[in-house]
1. Report in % the part of the accessible area of the stretch 113-153 that belongs to carbon and sulfur, leaving out ligands and nucleic acids; probe 1.4 Å.
2. Going by accessible area, probe 1.4 Å, with all protein chains left in place, what is the ranking of Lys112, Lys200, Lys55, largest first?
3. Roughly to the nearest percent, how much of the accessible area of the stretch 1-104 is carbon and sulfur, given a 1.4 Å probe?
4. Going from most exposed to least, what order do Ser16, Ser114 have by accessible area with a 1.4 Å probe?
5. Counting only heavy atoms of the protein chains, get the accessible area per residue of the stretch 66-152 (1.4 Å probe) and round it to a whole Å² value.
6. To the nearest 10 degrees, how steeply does helix 49-58 sit against the main Cα axis of the chain, on a 0 to 90 scale?
7. Select from the stretch 1-109 those GluC sites (Glu not before Pro) which occupy a DSSP coil region and have at most 14 other Cβ atoms within 10 Å, ordered by residue number.
8. Quick check: the angle from helix 145-156's long axis to the longest principal axis of the chain, C-alpha only, nearest 10 degrees?
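The values are calculated or read from the model by the stated rules, or taken from the named source; none is laboratory data. Worth saying up front: this structure is predicted, and the values here are computed from it rather than measured. Because the Cβ atoms are built from the backbone with ideal geometry, glycine has one as well, and the counts that use them run over all protein chains shown. The area values use the complete protein model at the heavy-atom level, side chains included, leaving out ligands, DNA and RNA. Shrake-Rupley method; radii C 1.70, N 1.55, O 1.52, S 1.80 Å.
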Amino acid sequence: MVENWDDFLFPYQEASNELKLKLRGIRSQYLERGERSPIEFVTSRIKPVDSIKEKMQRRHIDESRLSEDMEDICGLRIMCEFLDDIYTVVDVLRKRNDINILEERDYVHNEKASGYRSYHIVFSYPLQLVDGQREILAEIQIRTLAMNFWATIEHSLNYKHPDVFPPEVHERLQSASETAYKLDEEMSEIKQELDRDLKKQKDKHE
Ligand code: 0O2
């Protein structure tokens, strides 16, 4: 049982701080090499205690098994400019030996009924503590800026209580998500076209 929530959450906060720094470091490495980074920006959050308790009830998770059964107490989010960047980031993460992937959920191509899109990676992270190593469960959500725009606003309208959404609102949110996805596809096509033009010009001058 959790006696003190601050003590319980401390290692999650530590893991979150370290991971945020490391993920931002990936962006710095690309920029340092003079390349475009597939990571635009990184955010993190520790799940609020109220939200942990609500999920415990909803998912029938025993308080004594929180560290093993609740995978998103430590949550990180990576925002990308383009759709392809999502999968580039996934490949980069798969190669790391400090991110032991347990599960991947591709809600980019299999969007949720709400219209939600994002790529989720559930993993364990070896946190070094004074008493030794401890595996911390965490989740990274990877999404485009357009997906983030939609999810942020939809979340603030509260996706956990879809029954408060009249069917018409539900449909409009789904349709807004489709519009955001079309925007992502259009931006990707524009980039691909510009890349092709650039390559043609380069080839001409060689
Ligand atoms: P917050 O504030 O982002 O932490 P569950 O956590 O039980 O709802 P599950 O199956 O454990 O869901 O994990 P899932 O669905 O892979 O990921 C849950 C998280 O994904 C949510 O965390 C949201 O961040 C995001 N998410 C999933 N579905 C939706 C959706 O329809 N709309 C929006 N806006 N976000 C979604 P939290 O804890 O609910 O929120």
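1. 62 percent
2. My answer, sorted largest first, is Lys200, Lys112, Lys55.
3. For the stretch 1-104, the apolar C and S fraction of the accessible surface comes to 45 percent.
4. Accessible-area ranking of Ser16, Ser114, largest first: Ser114, Ser16.
5. On a per-residue basis, 43 Å².
6. 80 degrees
7. Sparse-neighbourhood loop GluC sites (Glu not before Pro): Glu3, Glu35.
8. 30 degrees
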